[in-house]
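One structure below.
The values are calculated or read from the model by the stated rules, or taken from the named source; none is laboratory data. No experiment lies behind these values; they were computed from the predicted model shown. Please note: Cβ atoms are built from the backbone with ideal geometry, for glycine as well, and neighbour counts cover all protein chains shown. Surface accessibility is based on the protein's heavy atoms, side chains included, excluding ligands, DNA and RNA. Shrake-Rupley method; radii C 1.70, N 1.55, O 1.52, S 1.80 Å.
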Number of protein chains: 4
Amino acid sequence: MIRFDLSIDLDYTVLTPSDFVFVIQPANTPHQRVTWERLSIEPELEHDEQVVSSPGNRHLRLRADPGRLRLSYDAIVDVVHHFELPSDVPENPIADLPAEVLKYVYPSRYCQSDRLVNVAMSEFANMAPGYERVEAIRQWVQERVKFEVGSSHAGTSALETYESCTGVCRDFAHLMITMCRALNIPARLATGVDYGADPALGPTDFHCYVEAYLGDRWYIFDPSGISPRMGLLRIGTGRDASDVAFATIFGSVQWTMPKIKVEAQGDELNGIVMPFKHDYAVSTDSAFASPDEAILLLQGQEGAIKDTSMPSMGRAA
Amino acid sequence: MIRFDLSIDLDYTVLTPSDFVFVIQPANTPHQRVTWERLSIEPELEHDEQVVSSPGNRHLRLRADPGRLRLSYDAIVDVVHHFELPSDVPENPIADLPAEVLKYVYPSRYCQSDRLVNVAMSEFANMAPGYERVEAIRQWVQERVKFEVGSSHAGTSALETYESCTGVCRDFAHLMITMCRALNIPARLATGVDYGADPALGPTDFHCYVEAYLGDRWYIFDPSGISPRMGLLRIGTGRDASDVAFATIFGSVQWTMPKIKVEAQGDELNGIVMPFKHDYAVSTDSAFASPDEAILLLQGQEGAIKDTSMPSMGRAA
Amino acid sequence: MIRFDLSIDLDYTVLTPSDFVFVIQPANTPHQRVTWERLSIEPELEHDEQVVSSPGNRHLRLRADPGRLRLSYDAIVDVVHHFELPSDVPENPIADLPAEVLKYVYPSRYCQSDRLVNVAMSEFANMAPGYERVEAIRQWVQERVKFEVGSSHAGTSALETYESCTGVCRDFAHLMITMCRALNIPARLATGVDYGADPALGPTDFHCYVEAYLGDRWYIFDPSGISPRMGLLRIGTGRDASDVAFATIFGSVQWTMPKIKVEAQGDELNGIVMPFKHDYAVSTDSAFASPDEAILLLQGQEGAIKDTSMPSMGRAA
Amino acid sequence: MIRFDLSIDLDYTVLTPSDFVFVIQPANTPHQRVTWERLSIEPELEHDEQVVSSPGNRHLRLRADPGRLRLSYDAIVDVVHHFELPSDVPENPIADLPAEVLKYVYPSRYCQSDRLVNVAMSEFANMAPGYERVEAIRQWVQERVKFEVGSSHAGTSALETYESCTGVCRDFAHLMITMCRALNIPARLATGVDYGADPALGPTDFHCYVEAYLGDRWYIFDPSGISPRMGLLRIGTGRDASDVAFATIFGSVQWTMPKIKVEAQGDELNGIVMPFKHDYAVSTDSAFASPDEAILLLQGQEGAIKDTSMPSMGRAA
């Protein structure tokens, strides 16, 4: 298990009465328990949290009048990882995919996978299906695209990133998702914060990465290569960025950069480890885990990690 | 209430082992009861039906080996319409939209509403919000786009239809959805069959239309103007055509035009009427109706229609 | 005749050895005489001027080593306008267009007129062909697009401006050209400086506008509405901005805003007038004027203006 | 020298009075002499040939009334090739490109080279500049794109071919041109007929290929790999297909497939050879050859070929 301390401070100047939809609170799932949290809003405003069933995203909604608006959110989050040997994680034949997962094979606003089928086929059709092929896609994206702040905008889609070869984490993720779907591998966008990022990239920020449905669960990939996967808290998931913006604002608003802190707490005696880079397949969403399973997971966390016992493997991603 | 007899015959020549996902069976909802149905598949194949929770689409899935594949589906479907005077149907402020509905405001693969915000604003921002504004969008699309078989393809999106001004029912629907979302009106694609279509358009075929979330339910619009709205059975709904293809096929397959029949049964003594054109707002999905409400609806169908009693109104759509 | 004093100062910091292609010197044509000019380059560098035959653009080319690079260009330019009553200026049937002009009917990088044929037809096909239809296109563009610095970039094409409804002078010009070509009206991009611009738009800057081939010459239109047409010096022309960038730089360079001054000199005794807004059709390029004709034009300038004698007309553009 | 017999038969049913612009007659240049030709048009119609100066394309223009329209064109064409060892053909620094050639470095309608700069850089920036790099681009296009009749349409651009990996000769050419320009190598589209094509591709048809400006002339490349380069007659050249359609039709017209024959005549005694595949760099346009040079070329053709003497080289393209 890993325990995270997370704090997020947002600061807006609202110019006209505006509706906000935030998705900034970590999902509360069997593998990821929000064990404590506190939200404060200045000025005090009526607000409303709705969890949207299928991906489990937490929508925080409020309406603000002109003036300053500040949100402070703090949480302690315990994450239990599921590890597998990459060679043990298969791709699924279409026939075996749960119906709820099928939509992650279809194209979406920023991931027009129907347009890059031949590219995906020529690059990856000759590889054996499975986790390692998806990891090869991830590496292909990371090598192809150059991280460059300001090189893309809210309307940039995977097609444009495929052409321009530049982007930010969101664009890396969209391109990887697109290539996966073009090969009939379900893939979705996950949001979080960039734990462990190179300080040269600036202060801690929100982050986007990818989850691909392999075997019986969603495995984590970071095509930008910015964070160790064990350091990634999941805030929300969706078909692409149109589903899980951190803040969707209906109105006229000025904003400043969010202030974010995330720290992992180590406590080896209690089975709490620090994130590190390794080559295992890692998942925190079995998609259909029951709440009971979750409790077992959290109770048995030490064993869970011990069992996989991580034998020596090669280069870390 | 309207009672429909529906039959659909599909005929494929499968060239390689292929997975099929069909969404051709009418949704079974409080307002639309599938009272009898029969599905036969030749050759007999293991198949599987999964109802995907949020929009309630029925996924029929099977895997076929090379050779001929035929599906015959017959059903009797009872539809209870909810009518409103257009002037009584409001648009919702963002703050009042259910979280489940919010995703229908966001852009999707074929409905890039973020790209046409200024167009939508310049055309419709000056109109009073409400059903009549959405109907004005519908008319704008119908007048702007010319129905032309073969003028678009599977990859055609609303942006291209906005430029080319030609398309088929799917393209009309995508453009209308895009304009609605650009104004923060939730809109989704609905599939069905083109009851009442001009025979000059060819034999009965599958059809696409639009539902917009207004007041507390989804109202029906047909931007192609092909069918009377009361004649529209809902098969599936989704954010756009990437979600609700009639058949998604993974493999190599030859196909022929589907053979479809749909008939409405009149039986006035039992409160069963025939579809006709009128100007009321019409809905068959209150989104959150409980099963109990459904039974009430079907029991009380005569009254439901009598109550609205349809006073004389103007030009029909 | 109008006499202009023009000065342009450009200031670069060259980071790597770089090739520059400037098109900043006014074209020297029968209707537009550069009567005096001076170019200084710091440091002194070998440079080369080539006039490309067909549109007559003056390419100033040089290669600069790392360090500062400054260009100062001053010129006195005499422009003789050709005026016509709008109702006397016809569109040409395709069969009557000179072959050299045909290419301005075809689509180009930023003016994909093949993609907006149906839009152009639905907006303008019902109008009588002629100057006034082209002026209607100009007004349609000016009303549709909002001038907004920073709303577009070097890759923005007319399709995107048609969607976004925002842009700068270049985008207005590309959209107007696209609509003209979609109706088989030859149209090209002209570059100059924004004489007479509202000071609220910032200091004097380079400018883009449109010339359409009507009757036997190229008539001037400013779809952004920024400058009176008589105040527009022509620097270069091309199919779109890919042909006539002010500076095309191959290398790595930092730059500052150009410093530009343009003044019109009035000297009524000598037949030199000041630019003003009016509703005549105005041209400074008969396309096939001989040098001899040019001398006649400059000698007979007073008469040329007197002849048209500008009776009262309506709203100015 | 190679001598070609060319015949082209076109057959239209004109539905409304229509203007035609044909570019089907081979260019008449120093390296390519049309030594005899005959054009017949049924019904007899006034027509007009205009040679557009810069690329030397022959525009045949006519206006036809409703009814049948048939064109028969026959010609004998002598082509003198210029051969070079690939290693002797350099790319030019920008500073050394003639101004007339510069426009072939800029993006155009179907060759949006500004959008693929990073792709071109990552694929080819590490190779030494020169003919062999351009040949590597050609091979990359041929390997990447699959020839598939019907996979593209008149609006398809290089960006779409880069995504879809399918196309016809025009699409291969557009993608190769785009990649060249993205590296600042001037490249243009050339049209001709597909001499030597595999009969499996169907009857002889029009063809598109690429010329790149290297050293002091335009060298021929066929990215589709369909024809031996020595078998390519040049009909027209342009920035892309928007400049050199075989027939641009303004009106409503039905057409049938063109009937084309092309044969090379061998007469070794007179120095007339047959086209064959080899690895030399081949050009038929020195861009600035004077008519006198042309006469010398045609007189000295044997020597021209003997001089290069074609030592053994590797795999032919």
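Structure summary
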{"read-out": "Heavy-atom accessible surface of the protein assembly as shown: percent carbon and sulfur, 1.4 Å", "value": "51"}
{"read-out": "Inter-copy spacing of residue B:154 label points, which lie 7 Å from Cα along Cα→Cβ, given in nm from shortest upward", "value": "2.6, 3.2, 3.8"}
{"read-out": "Listed residue pairs exceeding 32 Å between alpha carbons, taken from D:146/D:259; D:146/D:277; B:146/B:261; C:103/C:259; A:103/A:146; C:146/D:146", "value": "C:103/C:259; C:146/D:146"}
{"read-out": "Exposure ranking of A:45, A:189 by accessible area [1.4 Å probe, largest first]", "value": "A:45, A:189"}
{"read-out": "For chain B, convex hull volume per residue from C-alpha positions, Å³", "value": "132"}
{"read-out": "Where B meets A: accessible area buried, both sides, 1.4 Å probe, Å²", "value": "2700"}
{"read-out": "Separation in nanometres of the label points that stand 7 Å from Cα toward Cβ, at residue C:13 and residue D:121", "value": "2.0"}
{"read-out": "Projected-area average for segment D:153-287 over all orientations - Cα convex hull basis, square nanometres", "value": "10.1"}
{"read-out": "Given chain D, longest segment not containing exposed loop GluC sites (Glu not before Pro) (DSSP; at most 14 other Cβ within 10 Å)", "value": "D:149-317"}
{"read-out": "Protein-only accessible surface order, largest first, of C:87, B:283 at 1.4 Å", "value": "C:87, B:283"}
{"read-out": "Rounded to the nearest 10 Å², the accessible area of residue A:257 at probe 1.4 Å", "value": "110"}
{"read-out": "Rounded FRET efficiency, nearest 0.05, which uses the C-beta distance separating residue A:153 from residue B:153 and R0 of 35 Å", "value": "0.80"}
{"read-out": "Positive minus negative residues near residue B:184 (Lys, Arg vs Asp, Glu; Cβ under 10 Å)", "value": "-1"}
{"read-out": "Helix-derived mean residue ellipticity, 222 nm - over chain B, DSSP H n ≥ 4, -39500 (n - 2.57), to 500", "value": "-5500 deg cm²/dmol"}
{"read-out": "Inter-copy separations for residue B:114, label at 7 Å along Cα-Cβ, nm, ascending", "value": "2.0, 2.2, 2.9"}
{"read-out": "Descending semi-axes in Å of the protein assembly as shown, equivalent ellipsoid built from Cα gyration tensor", "value": "55, 37, 36"}
{"read-out": "Three-way shape call for segment C:192-260 based on the alpha-carbon gyration tensor, with the a/c threshold at 1.5", "value": "oblate"}
{"read-out": "Segment A:88-143 shape via C-alpha gyration tensor axes, a/c threshold 1.5", "value": "oblate"}
{"read-out": "Cα-based Rg of segment A:52-93 normalised by 2.2 N^0.38 Å, two decimals", "value": "2.13"}
{"read-out": "Position residue C:274, label points 7 Å along Cα→Cβ, spacing to each other copy in nm (shortest first, one decimal)", "value": "7.5, 7.7, 7.9"}
{"read-out": "Cα gyration tensor shape of segment B:15-84, rounded if a/c is under 1.5, else prolate or oblate by comparing a/b with b/c", "value": "prolate"}
{"read-out": "Inter-centroid distance (Cα atoms) of segment C:109-168 relative to segment D:24-95, Å", "value": "35"}
{"read-out": "Residue-normalised accessible area of chain C, expressed per residue, 1.4 Å probe, Å²", "value": "40"}
{"read-out": "A:127, D:176, ranked by accessible area, largest first (probe 1.4 Å)", "value": "A:127, D:176"}
